[in-house]
Amino acid sequence: MKLRVRSELVYRFDPPTDAIYLIKVADWPGQTLIEETLTSDPSLDFHEDVDPDFGARTLRCHLEGEVALTYEATVDNGKLLGLPPGVSQHDWNDLPAEVLIYTRPSRYCPSDQFGRFVQRSFGDTSGGARVLAILEWIRDNVDYEHGVSDTETTAARTFIDRAGVCRDFTHLGITLCRASGIPARAVSAYAHELQPPDFHAVFEVYLDHGWWLIDPTGLAPIEGLVRIASGRDAADIAFLTTQGTCEHVRQAVTVAPA
């Protein structure tokens, strides 16, 4: 699917601070960048890095005062498929070495605390069927609600509060999958048909020798996702990370057919 994505981020950096943006579409197999533009007001020179594993393209700069950054791109995201229930789960001994890190607990995903829960709740399933059962549980038991969580909320907190936004749904999904022995990692994306439009946090699981994208909120179709970055959890995929403080002025994200 060919999609046109656009993000406008206006933040005030006072006092001045170093910042990292993750808003460019990833250089990822099956995802083809057709054209893109990046503008800033005031005009700034960003240092760009490309992650060799995930193709994420970070922008770094020392920022001061109010900065408006606008990114636009046309991209063909290929053909993304939903997860079928029959895909198989690997024994850890059979996983590629680079996948093992996504079986372990991370900052926002304390999967080592949920082994008993997943065994009691989903013990009669495995593989794709286990992931789909986890998604059904999340959608039945967790409300999509703004203002309940913040940037420090972990999956354990969301499990207690039973409410959150896309990053919280994603952290809980990752946690329950890892607790089930299934590698899972976070993905930031532009999402077609997401309402209201925004950067979207989803995740992917490693089953049957490949990664499968999952939207635990069910708010955006998988075939309309444009990958930005991947990592262990939200700490690795945040669209803006600063060394100091910053103030949100305005922000807008749009995704439309190209």
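Tabulated values for the structure
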{"read-out": "Taking only Cα atoms of segment 56-105, radius of gyration then Dmax in Å", "value": "19.6, 53"}
{"read-out": "Å³ per residue enclosed by the Cα convex hull of segment 5-133", "value": "169 Å³"}
{"read-out": "Estimated FRET transfer efficiency (Ala252, Asp94; beta-carbon r; R0 45 Å; 0.05)", "value": "0.50"}
{"read-out": "Relative counts (whole %) of C-alpha pair distances in segment 126-203, using bins that are 10 Å wide", "value": "19, 51, 28, 2"}
{"read-out": "Full-extension gain in nm, His209 to Ala68, via 0.36 nm per residue minus C-alpha separation", "value": "46.6 nm"}
{"read-out": "Solvent-free Debye scattering, log10 I(q)/I(0), computed from the Cα coordinates of segment 80-193 at q = 0.12 Å⁻¹", "value": "-0.42"}
{"read-out": "Considering only segment 29-182, percent of DSSP beta bridges that pair antiparallel, nearest 5", "value": "90 percent"}
{"read-out": "Per residue solvent-accessible surface (Å²) - the chain, probe of 1.4 Å", "value": "47 Å²"}
{"read-out": "Positive-pole candidate from Ala156, Phe239, Val118, dipole of the chain, charges at beta carbon", "value": "Val118"}
{"read-out": "Trypsin sites (Lys or Arg not before Pro) within segment 57-94, DSSP loop, no more than 15 other Cβ atoms inside 10 Å", "value": "Lys79"}
{"read-out": "The chain - mean residue ellipticity at 222 nm from DSSP helices (-39,500 (n - 2.57) per run, n ≥ 4, rounded to 500)", "value": "-5500 deg cm²/dmol"}
{"read-out": "Using distinct alpha-carbon pairs, which all enter the 1/r mean, Kirkwood radius of the chain in Å", "value": "18.9 Å"}
{"read-out": "Shape parameters for segment 145-258, alpha-carbon atoms, Rg then Dmax in Å", "value": "14.2, 44"}
{"read-out": "Met1-Ile160 pseudo-label distance in nm [points 7 Å out on the Cα-to-Cβ vector]", "value": "3.8 nm"}
{"read-out": "Label-point gap, in nm, between Arg107 and Glu136 - each point 7 angstrom along Cα→Cβ", "value": "3.5 nm"}
{"read-out": "Alpha-carbon centroids, segment 65-79 and segment 144-192: separation in whole Å", "value": "24 Å"}
{"read-out": "Carbon plus sulfur fraction of accessible area for the chain, probe 1.4 Å, in percent", "value": "48 percent"}
{"read-out": "Average Cα contact separation per residue, the chain, under 8 Å, 6 or more apart, as relative contact order %", "value": "29 percent"}
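The values are calculated or read from the model by the stated rules, or taken from the named source; none is laboratory data. Just so it is clear, the model here is predicted, and its values are computed rather than measured. For neighbour counting, all protein chains shown are included, and Cβ atoms are generated from backbone atoms with ideal geometry for every residue, glycine included. Just the protein is used for accessible areas: all its heavy atoms, side chains included, with ligands, DNA and RNA removed. Shrake-Rupley method; radii C 1.70, N 1.55, O 1.52, S 1.80 Å.
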